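For reference, the structure is listed below as structure tokens.
The values are calculated or read from the model by the stated rules, or taken from the named source; none is laboratory data. None of the values given here were measured: they were computed from a predicted structure. No Cβ is skipped: glycine too gets one built from the backbone with ideal geometry, and neighbour counts run over all protein chains shown. Areas reflect the complete protein model, heavy atoms only, side chains present, ligands, DNA and RNA absent. Shrake-Rupley method; radii C 1.70, N 1.55, O 1.52, S 1.80 Å.
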Amino acid sequence: MIKRFLLLLVCVMVFCCGCANMGKLKNDIVANTLEIATNRGKLIVGVKTDTFPFGYINENGEYAGYDIDLAKLIATDIFGKPDKVEFVPVTASDRMMKLYSGEIDMIIATMSITPSRLKLLDFSDPYYIAGQALLVNTGSDIKGIRDLEGKKAITVFGSTSEKSLRMAVPNAGIIGYKTYDEAYKALKAKKADAIVSDDSILIGLSLKDASVTLLPKRYSREPYAIAFRKGRESEDIIRVVNRIIEESVRYGKLHELQRKHGINNYQ
Ligand code: GLU
């Protein structure tokens, strides 16, 4: 009887040890974005190429902008060098797909935190606050979002403005484009009466072009943050990124970058 009991005890112990090891193994094989990037020796970041001054290609054919500089700041902190980052172009409509396919480690692309996105993504702390506005052809009768009733407005697929436009002016016709370049060309060709998007992006389109005007009113609060795949794999990198953002705010680095790009409105 005692023998049988001892045998049973040994079996239970062996089983428990096995479970503990399996648990450990399970912990070990959870992907860890920070670890993967560190082993690779560089970050891979999804950025815009059509949203001056956040993410664009400059006259030398290089990635440039506030979002790009933020990525370089993170690379400098992690790897000691700003060039330890590979940029992958994304649009508002394909950025989440590129993140979840593993093509990129994170999205730094004028992306607002929203309740619906929080169900699918993990975000860093905000690094910029934008607000939705209207860009119109100069001299247009459109003076505010209500004037778009029965008119046509342009939005970019996958961006937050389509939803807010539908809610504010349900009977406005909406024309969607994939990029801000296409949206801008369509406005100038008078295919619609306004572009509805973030002021930060519309300012970039209006700066060098007197034939379009950014209207003064803002219709939403858009906190820009860095987006990651949801879950444990992103915990370590988000902790690092939040520390970098916090230190950059505290020591004035983020303000300095905003001044450099002419967007110094961080709240
Ligand atoms: N911030 C808005 C968004 O996340 C618009 C900018 C964009 O198209 O990325 O949808």
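Overview of results
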{"read-out": "Value at 222 nm in deg cm²/dmol, rounded to 500, when DSSP H runs of n ≥ 4 in the chain each add -39,500 (n - 2.57)", "value": "-12000 deg cm²/dmol"}
{"read-out": "Sequence of 52, 87 from largest to smallest accessible area, 1.4 Å probe", "value": "52, 87"}
{"read-out": "Dipole magnitude of region 98-213, debye to nearest 20 (Cβ charges: Lys/Arg +1, Asp/Glu -1, about Cα centre)", "value": "420"}
{"read-out": "Dipole in debye (nearest 20) - the chain, about Cα centre, beta carbon charges: Lys, Arg +1; Asp, Glu -1", "value": "740"}
{"read-out": "Under 16 Å from residue 42, Cα to Cα: lysines that are on another chain or at least 8 residues apart", "value": "72, 81, 84"}
{"read-out": "Extension gain, residue 181 back to residue 249 (0.36 nm per residue minus Cα-Cα distance, nm)", "value": "21.4 nm"}
{"read-out": "For region 193-236, size of Cβ-based charge dipole, Lys and Arg +1, Asp and Glu -1, in debye", "value": "100"}
{"read-out": "Entries of 217/260; 119/178; 48/178 with Cα pairs more than 21 Å apart", "value": "217/260; 119/178"}
{"read-out": "Largest to smallest principal axis extent of the C-alpha atoms in region 149-207, angstrom", "value": "29, 22, 19"}
{"read-out": "Degrees separating the helix 235-250 axis from the principal Cα axis of the chain, which is the longest one", "value": "50"}
{"read-out": "Packing-based order for 198-207, 242-251, using average beta carbon neighbours within 10 Å, highest first", "value": "198-207, 242-251"}
{"read-out": "Accessible area per residue in Å² at 1.4 Å probe, computed on the chain", "value": "52"}
{"read-out": "Among 124, 167, 264 - extreme Cα towards positive end, dipole of the chain, charges at beta-carbon", "value": "167"}
{"read-out": "DSSP beta bridges in the chain [antiparallel fraction, %, rounded to 5]", "value": "60"}
{"read-out": "Backbone N within region 108-138 under 14 Å of label point (7 Å from residue 101 Cα along the Cβ vector)", "value": "none"}
{"read-out": "Projected label distance in nm at residue 171 and residue 35, using a 7 Å step from Cα toward the beta-carbon", "value": "5.9"}
{"read-out": "Fraction of accessible area attributable to carbon and sulfur, region 161-242 (%, probe 1.4 Å)", "value": "55"}
{"read-out": "Among 101, 124, 164, residue whose mean-square fluctuation peaks in a GNM of the chain (springs only between Cα atoms under 10 Å)", "value": "101"}
{"read-out": "Whole-percent carbon and sulfur share, accessible surface of region 48-133, 1.4 Å", "value": "54"}
{"read-out": "Shape parameters for the chain, alpha-carbon atoms, Rg then Dmax in Å", "value": "23.7, 97"}
